[in-house]
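What follows draws every value from the coordinates through simple rules; no lab data is involved. Because the structure is a prediction, the values reported are computed rather than measured. Cβ sites come from the backbone with ideal geometry, for glycine too, and all protein chains shown count toward neighbours.
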Amino acid sequence: MANSKNSPAAMPNGHLHELFVDELRDILGAERQLLKGLKKLAAATESETLKKAFETHYTQTEGQIERLKQAFASIGLSARGKKCKAMEGLLEEADEITESFQDQPEVIDAALISAAQKVEHYEIASYGCLVTYAKLMGHTEAEELLAATLAEEKETDTLLTEIALSEANVPS
């Protein structure tokens, strides 16, 4: 196995291999957890624009999970996620925010955007690191797949900011 091109000893920066795989498993678990969270966020919003953004990101997240499976396959591993404690905490916080502001329609969307952007920033940080690790180890296919997801996460964050500025954070 030491001579396999996917063996850590045979790849550039192989010392990062275990970290890379662990982070892939973490973000796969996070994305699966997020699917449930996005349904809750979409159901809680007052804004049709924001609801559509959450629904669109749900569909994107399904595609991102497929890309993660492809990234695992590209390095010769089966896709296996693990429970992401960070995403679990972020989604619990989103539930708390929803509960706290559900009776304040003038505030709920701003609160939901805040919760959603915390999730997006976590994902951006995770995918940014994964892209870097893939690049350093010469995992070109994984790098391209992960970079595509990173770009989507950044676009979602930008869209949430635009909705906040145009609808949620403006005086009614």
State, to one decimal in nm, how far the label point of GLU162 lies from the label point of LYS39, with both points 7 Å from Cα in the Cβ direction.
2.8
Please report the relative contact order for the chain, taking Cα pairs under 8 Å with a sequence separation of at least 6, and give it as a percent rounded to a whole number.
27
For the chain, longest principal axis from Cα atoms; helix 140-163 axis from its Cα atoms; angle between them, nearest 10 degrees, is 10
The chain, dipole about Cα centre (Lys/Arg Cβ +1, Asp/Glu Cβ -1), debye to the nearest 20:
920
Expected 222 nm ellipticity per residue - DSSP helices of 4 or more, -39500 (n - 2.57), all of the chain, to 500
-26500 deg cm²/dmol
Please grab the % of Cα pairs in the chain that end up more than 28 Å from each other.
28
How far apart, in nm, are the 7 Å Cα→Cβ label points at GLU18 and LEU77?
1.2
Can you tell me the orientation of helix 85-101 relative to the chain, as the angle in degrees between its alpha-carbon axis and the longest Cα principal axis, to the nearest 10?
0
The helix 48-74 Cα axis meets the longest alpha-carbon principal axis of the chain at an angle in degrees, between 0 and 90 and rounded to 10, of 10
